[in-house]
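Asker: Shown below is the structure under consideration.
The values are calculated or read from the model by the stated rules, or taken from the named source; none is laboratory data. All of these numbers come straight from a predicted model, not from anything done at the bench. Here the Cβ positions follow ideal geometry from the backbone for every residue, glycine too, while neighbour counts run over all protein chains shown. When the accessible area is computed, the model is the full protein with side chains, heavy atoms only, and any ligands, DNA or RNA have been set aside. Shrake-Rupley method; radii C 1.70, N 1.55, O 1.52, S 1.80 Å.
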Amino acid sequence: MEVALRPVHDSDLPVFFRQLNDPESLRTAAFTPRDPADREAFDAHWKRVRASSGALSRAVLADGDVVGSAAVYGEPGEREVTYWIDRSHWGRGIATAALRDLLAEVPERPLYARAAADNAGSLRVLEKCGFRITARSRGYAHARGEVTDEVVLTLASCPGPS
């Protein structure tokens, strides 16, 4: 399977919106928008992201099909990575390949990531890309409707092969 990144197109947004509203994906991610079904808020978010000079957002393609998104955002020294892969494509190495490609586009370090502490798949992706757990916290997870354990991971230098 060929995994590639490209700039986000307007035509990607309905795909991203559908992916964001999968109940199992939401529960796994935990820390999501307050109301993922609010299309107006979703569109406003993506308009801000795409207009931001400090953000790099990409569509994730697998064999030419849009299967998710990946981005780096935030202030220098505090920048975070985020990604979302359609659940039907989990477990195929797509998130790892996409994150590695994204990291190659963004040479600055450190970079940070956050994940629900029980999101084993996302933690594995981040660790394979060189991120290490550096902090733990608890926060309210909208997708779960409860306080949830969260980890903060840091990529201090360029990742090596895994």
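Asker: Any idea what the relative contact order of segment 68-162 is, in percent, if you count C-alpha pairs under 8 Å spaced at least 6 apart? Present the calculation step by step, with values, prior to reporting the outcome.
Answerer: Details: 148 pairs, mean separation 24.4, N = 95.
About 26 percent, as a whole number.
Asker: Quick check: the distance between the Cα centres of segment 25-59 and segment 72-94, to the nearest angstrom?
Answerer: 12
Asker: Here's a follow-up. What do you get for GluC sites (Glu not before Pro) in segment 97-162 restricted to DSSP loop and a cutoff of at most 12 other Cβ within 10 Å of the site's Cβ? Present the calculation step by step, with values, prior to reporting the outcome.
Answerer: Working: sites: GLU105, GLU108, GLU127, GLU146, GLU150; in loops: GLU108.
Answer by residue number: GLU108.
Asker: Tell me the label only: which of [x] 8.9; [y] 12.3; [z] 9.5 is mean projected area of the Cα convex hull in nm² as calculated from this structure?
Answerer: For mean projected area of the Cα convex hull in nm², the calculated option is [x].
Asker: Write down the accessible area per residue of the chain in Å², having rolled a 1.4 Å probe over the full set of protein chains.
Answerer: Details: 8710 Å² over 162 residues.
With all protein chains present, the chain gives 54 Å² per residue.
Asker: Please report, as a whole percent, how much of the solvent-accessible surface of the chain comes from carbon and sulfur atoms (probe radius 1.4 Å). The partial results should precede the final answer.
Answerer: Values: 4370 of 8710 Å².
With neighbouring chains kept in place, the figure for the chain is 50 percent.
Asker: Also, I was wondering about something else. Under 10 Å, Cα contacts only: if you run a Gaussian network model on the chain, which one of VAL49, VAL106, VAL60 comes out with the highest mean-square fluctuation?
Answerer: Maximum among the listed residues: VAL106.
Asker: Given a cut-off of under 8 Å on Cα pairs at least six residues apart, what relative contact order in percent is computed for segment 56-106? Can you show the working numbers first?
Answerer: Details: 59 pairs, mean separation 13.9, N = 51.
Contact order relative to length: 27 percent.
Asker: From the residues ALA156, ALA117, ILE85, which one has its Cα farthest along the dipole of the chain in the positive direction, the dipole being from +1 and -1 charges on Cβ of Lys/Arg and Asp/Glu about the Cα centre?
Answerer: So the residue furthest toward the plus end is ALA156.
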